Amino acid sequence: MTATNRPPVVSRSEWLAAHDALRAREKAHTWEGDAIAAARRRLPMTEVDPSTPLVGGNGTVSLIDVFDGRTQLFASYHMWHDGRPAADQCEGCTFFTGQVRELSYLHQRDVTFAAFCQGPYEESERYRRFMGWEMPWYSVPAESHERLLTGRHFGMKACYLRDGDRVYETYWTTGRGVEPMTPSYGILDMTLYGRQEVWEDSPEGWPQPYETRGQQFRKNGRPTAQWARIAAGHEDDLHGGQPSPGSTGSPGSTGSPGSTGCCG
């Protein structure tokens, strides 16, 4: 650490005064977020075909079945690269999906969380198991894409309401709108150096090694979260021991991943 990448040192009283000024802005930001959430709760909704097919662990089910008896559904649309090894799968969706762990609080409020994956069920389910994720997981067959996406793309998040045997979409977002799913970003935002991404407005000399075209979610050729799973001995083969159709390497090789930008 040098003088060019650390804040000035001041007395405790000066430090507290600076924090008090910032906290006033933070409170205003929180209240504006509350007002936006209030407006979101007043949006109209649009009907969706409740019989739209999805593929889960027990075969084909309908959209309304995914609610699991609850009245609300939060669907995370997970991008997929067919035939590619685990190392080449979407780093952005891996980052966001992987931070949704404890679902009890959602269930308490009558909300089901589910991942809707773009890829075939068997292949993508192996990825879910490799990553150690426990959320409900479904594949969206091609026939259901337009019914659910309606011109949008995987990487988005959507909220649905069930009213008897009818289903309505109430909200959707993508890009930075999905950031509430990731406590890692919230924690980093409170630290001195922030996310350390090139777009941030940071003082000169602050470390900013991360581009934002997918590289911020990767390390040494893989989505960052995969490395802990590899170190723990978990198998990343998605193709039952067969060479990955989209890779020149063996199953589980790092291949030549590119940035997907699905959630950027």
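The values are calculated or read from the model by the stated rules, or taken from the named source; none is laboratory data. If you're wondering where the values come from, they're calculated on a predicted model, not measured in any experiment. A quick note on method: Cβ atoms are made from the backbone with ideal geometry, for glycine too, and the neighbour counts reach across all protein chains shown. Note: accessible area is taken over every heavy atom of the protein model, side chains too, but ligands, DNA and RNA are not part of it. Shrake-Rupley method; radii C 1.70, N 1.55, O 1.52, S 1.80 Å.
With every protein chain left in place, what is the accessible area per residue of the chain in square angstrom, probe 1.4 Å?
Values: 14680 Å² over 264 residues.
It amounts to 56 Å² per residue over the chain.
Divide by every residue of the chain the summed helix terms, -39500 (n - 2.57) for each DSSP H run of at least 4, and state the resulting mean residue ellipticity at 222 nm, rounded to the nearest 500 deg cm²/dmol. That calculation yields -8500 deg cm²/dmol at 222 nm. In plain terms, the chain from A21 to M135 could stretch by 37.0 nm, reckoned as 0.36 nm per residue minus the Cα-Cα distance. With everything on Cα atoms, drop me the angle between helix 12-40 and the longest principal axis of the chain, reported from 0 to 90° to the nearest 10. Value to nearest ten degrees: 30.
Counting alpha carbon pairs within less than 8 Å and at least 6 residues apart, what relative contact order, in whole percent, applies to the stretch 174-246? All intermediate terms of the calculation are to be shown ahead of the outcome.
Details: 31 pairs, mean separation 10.7, N = 73.
Normalised by residue count, the contact order of the stretch 174-246 is 15 percent.
Counted over all Cα-Cα pairs of the chain, pairs farther apart than 28 Å make up 44 percent. Considering only I36, I187, I230, give the residue with the highest GNM mean-square fluctuation for the chain, with springs between Cα atoms whenever their separation is below 10 Å. Checking each option, the largest mean-square fluctuation is seen for I36.
I'd like the trypsin sites (Lys or Arg not before Pro) in the stretch 5-59 restricted to DSSP loop residues with at most 12 other Cβ atoms within 10 Å, sorted by number.
R41, R42
Computed from phi, the 3J(HN,Hα) profile of the stretch 92-101 under the Karplus parametrisation 6.51, -1.76, 1.60 (θ = phi - 60°) reads x, 5, 4, 4, 6, 4, x, 9, 9, 10 Hz, with x in place of Gly and Pro.
How high is the relative contact order of the stretch 58-184, in percent, with contacts defined as C-alpha pairs under 8 Å that are six or more residues apart?
On the way: 186 pairs, mean separation 41.2, N = 127.
Result for the stretch 58-184 is 32 percent.
Available extension along the chain between K219 and L161 is 17.1 nm, counting 0.36 nm per residue and deducting the alpha carbon span.
Once you reduce the stretch 7-75 and the stretch 97-143 to the center of their Cα atoms, the two points are 18 Å from each other.
Accessible surface of the stretch 1-115, 1.4 Å probe: 55 percent of it comes from carbon and sulfur atoms.
Of M190, M181, M131, which has the largest mean-square fluctuation in a 10 Å C-alpha GNM of the chain? Evaluated over the chain, the most mobile residue of the options is M190. Approximating the spin labels as points 7 Å out from Cα along Cα→Cβ, the A232-to-Y193 distance works out to 2.6 nm. Relative to the longest principal axis of the Cα atoms of the chain, the long axis of helix 121-131 lies at roughly 30 degrees. Measuring nothing but how far apart in sequence close Cα pairs (under 8 Å, 6+ apart) lie, relative to its length, the chain scores a relative contact order of 27 percent.
Contour minus end-to-end for R12 and Y171, with contour as 0.36 nm per residue of separation and end-to-end as the Cα-Cα distance?
Numbers: separation 159, 0.36 × 159 = 57.24 nm, distance 4.51 nm.
Contour length minus the Cα-Cα distance gives 52.7 nm.
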